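Here is the structure we will look at, set down as structure tokens.
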Amino acid sequence: MTAKVSPDDIRARFSSAMSVMYRDEVPDYGTLMELVACVNDETLAAEPDLKERLDATDSLERISEERHGAIRLGTAEELATMRRIFAVMGMWPVGYYDLSTAGVPVHSTAFRPVGEEALKLNPFRVFTSLLRLDLIANEALRAEAAAILASRQIFTPKALELTEKAEKENGLDQDDAARFVAEVLETFRWHDKANVELAMYHRLHDAHRLIADVVSFKGPHINHLTPRTLDIDKVQARMSEYGIAPKAVVEGPPTRKCPILLRQTSFKALEESVSFHDGEGGWQAGTHTARFGEIEQRGVALTPKGRALYDKLLDDTRRLVRPAADGSNAEAYQAALTEVFKAFPDNWADIRAHGLGYFSYSLTDKGRRGVASVSDPEQLIVDGYICFDAIVYEDFLPVSAAGIFQSNLGDGAQQEFAASPNQMRFEVDLGASVLNEFDHYTSIQKASLESCLAALSARPAAE
Ligand code: OOG
Ligand code: NI
């Protein structure tokens with residue numbers, strides 16, 4: 001039997017193959033990557049401390065690599081198969097995101113590596129949405145869209161075969177892993193020939209742009225990739241200098257000393273030429289807007305209490321200033337955000353003391369050497385035996401995701417849907433349940449503290 005390639009390795013190869021493909025498909029994305037690399041270099045040069053810290057925890061050469069991408073699927077079967085494919089790459093569904101409240105007829109999860117080692121080896125995730133035809137009012141159109149989706153096959157036969165093989169044989173060898181990456185990549189490729197006639201595209205588009213994006217094409221083209229930036233404000237400010245159009249505002253919390261959750265922004269999707277069936281065996285020219293590039297900067301994962309405070313403050317801000325898609329009130333929004341978020345503590349000790357964030361505990365030098373006479377964790381921290389570091393948020397934010405969706409669906413009026421989360425339905429379609437992100441962070445935090453306490457209590461008592 002030949003040796004198996006690790007799922008982490010397959011994921012790393014897949015993410016890098018996807019990056020090459022996308023840069024080739026969307027040249028502006030390559031430009032964004034250059035800008036990100038440049039700003040990251042400048043930031044590291046200006047902040048030697050940061051450089052040292054990152055050097056200890058991340059691999060510096062890979063700092064500007066992709067952290068996530070996104071696709072939108074049409075059917076339960078596509079979602080369930082995608083889950084099996086991602087499992088071969090060590091990516092598991094984490095979190096449930098209902099975007100109906102934000103005017104987008106999808107619900108989503110993020111397939112991602114779970115566990116510190118896997119994230120470190122390669123953090124690539126795919127934000128995966130499933131179209132909700134049940135939210136479309138027009139019944140006839142709904143049935144037509146469902147029929148179109150039912151007749152497409154978004155996976156190559158070889159991709160399906162290799163997925164089955166990986167499941168049966170518990171992994172893939174070198175040759176099969178290479179084939180698997182190439183075959184799976186096909187599902188994410190852009191098709192400039194649509195599945196439908198132009199008239200149908202318009203009907204779908206009138207119901208919602210996103211329905212047209214999912215139903216009109218042969219497959220769920222990757223719609224963006226997202227590298228990590230060390231200074232999102234700088235990249236946002238310099239995008240136009242590089243000839244790419246930034247979305248109006250950075251999504252998420254404001255700039256802070258102690259970053260929380262996730263900040264993201266993107267350049268706006270481009271209008272691309274697409275050929276549509278003309279109904280007579282030929283093609284008719286049209287356009288479609290779907291693909292863009294995004295950047296992200298992550299901070300500490302918040303507890304339910306911290307998240308509730310974040311959600312409240314974001315809500316308060318948006319009640320004061322609702323960011324307009326054309327950017328006309330971007331400055332006022334930024335100012336309101338900064339002001340309102342003053343209510344969120346901005347030093348690690350307070351964030352921890354108020355139970356707002358998740359932290360990972362480790363022994364200090366003193367803790368590694370010394371013997372503690374107390375066992376109360378808080379006292380051990382005060383006495384300098386145990387220290388704590390923020391646990392990075394590895395998931396997504398529904399309001400931000402909706403902002404990213406919206407800004408790339410055009411600046412038109414937003415459509416309203418009644419809030420209708422349906423996690424149960426999503427999990428039935430997925431064929432598995434999603435991991436609860438809060439449970440996950442809680443267990444990381446708990447395990448880190450327990451291992452400190454165990455190490456300290458295992459020491460023989462001082463003479
Ligand atoms: C996904 C938008 C969500 C993010 O970073 O929040 C997302 C999409 O547009 O399909 O990727
Ligand atoms: Ni994204």
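The values are calculated or read from the model by the stated rules, or taken from the named source; none is laboratory data. No experiment lies behind these values; they were computed from the predicted model shown. So basically every Cβ, Gly included, is an ideal-geometry build from the backbone, and we count neighbours across all protein chains shown. Heads up: the accessible areas ignore ligands, DNA and RNA and are worked out on the full protein's heavy atoms, side chains in. Shrake-Rupley method; radii C 1.70, N 1.55, O 1.52, S 1.80 Å.
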Looking only at residues in the stretch 320-335 that are touching a helix residue (DSSP H, G or I) at 6+ places or on another chain (Cβ under 9 Å) and assigned to a helix (DSSP H, G or I), which one is most open to solvent (accessible area, probe 1.4 Å)? 320
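I'm trying to understand the selection: among the residues of the stretch 165-191, which are over 15 Å from residue 14 (Cβ atoms), modelled with pLDDT of 95 or more and not in a helix (DSSP H, G or I)?
We begin by selecting, within the stretch 165-191, every residue over 15 Å from residue 14 (Cβ atoms); these are 165, 167-170, 173, 175, 190-191.
Add one more test, that the residue is modelled with pLDDT of 95 or more, and what stays is 165, 167-170, 173, 175, 190.
Of everything in the stretch 165-191, those that are over 15 Å from residue 14 (Cβ atoms), modelled with pLDDT of 95 or more and not in a helix (DSSP H, G or I) turn out to be 170, 173, 190.
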Would you mind telling me which numbered condition in (1) aliphatic (A, V, I, L, M); (2) at pLDDT below 90; (3) farther than 30 Å from residue 272 by Cα; (4) open to solvent by less than 30 Å² (accessible area, probe 1.4 Å) residue 356 fails? (2)
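Quick one: in the stretch 254-269, of everything that is in a loop (DSSP other than H, G, I, E, B) and more than 16 Å from ligand 2 (Cβ to nearest atom), which residue is surrounded by the fewest Cβ atoms within 10 Å (Cβ to Cβ)? Working first, answer last.
Looking only at the stretch 254-269, we keep the residues that are in a loop (DSSP other than H, G, I, E, B), and these are 254-259, 261, 268-269.
Filter once more, so that each one left must be more than 16 Å from ligand 2 (Cβ to nearest atom): 254-259.
Numbers: 254: 21, 255: 15, 256: 15, 257: 7, 258: 16, 259: 19.
Going through the qualifying residues, I end up with 257.
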Single unsatisfied condition, residue 153 versus (1) assigned to a loop (DSSP other than H, G, I, E, B); (2) in contact (Cβ under 8 Å) with a residue 12 or more places away in the chain: (2)
Which residue pairs have Cβ atoms closer than 8 Å, lie 6 or more positions apart in sequence or on different chains, and pair a first residue in the stretch 213-231 that is in contact (Cβ under 8 Å) with a residue 12 or more places away in the chain and away from ligand 2 (no atom under 12 Å from the Cβ) with a second residue that is assigned to a loop (DSSP other than H, G, I, E, B) and basic (Lys, Arg)? 218/152; 219/152; 219/189; 221/189; 221/291
Cβ-Cβ under 8 Å, sequence separation 6+ or interchain: first residue in the stretch 46-72 and under 30 Å from residue 213 (Cβ atoms) and at pLDDT 90 or above, partner open to solvent by 80 Å² or more (accessible area, probe 1.4 Å) and of a type in the set (Gly, Ala, Ser). Which pairs? none
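One line per residue, one yes/no per condition, for (1) surrounded by fewer than 18 Cβ atoms within 10 Å (Cβ to Cβ); (2) small (Gly, Ala, Ser); (3) under 19 Å from the mean Cα position of the chain (by Cα):
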residue: 82; (1), (2), (3): no, no, yes
residue: 86; (1), (2), (3): no, no, yes
residue: 89; (1), (2), (3): no, no, yes
residue: 99; (1), (2), (3): no, no, yes
residue: 128; (1), (2), (3): no, no, yes
residue: 146; (1), (2), (3): yes, yes, no
residue: 177; (1), (2), (3): no, yes, no
residue: 186; (1), (2), (3): yes, no, no
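Are any residues in the stretch 434-456 under 19 Å from the mean Cα position of the chain (by Cα), open to solvent by less than 60 Å² (accessible area, probe 1.4 Å) and either more than 26 Å from residue 398 (Cα to Cα) or not hydroxyl-bearing (Ser, Thr, Tyr) (or both), and if so, which ones? It would help to see each step written out before you state the result.
Of the residues in the stretch 434-456, the ones under 19 Å from the mean Cα position of the chain (by Cα) are 434-441.
Still in the running and open to solvent by less than 60 Å² (accessible area, probe 1.4 Å): 434, 437-438, 440-441.
434, 437, 438, 440, listed by residue number.
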Failed item, numbered, when residue 297 is tested on (1) part of a strand (DSSP E or B); (2) open to solvent by less than 10 Å² (accessible area, probe 1.4 Å): (2)
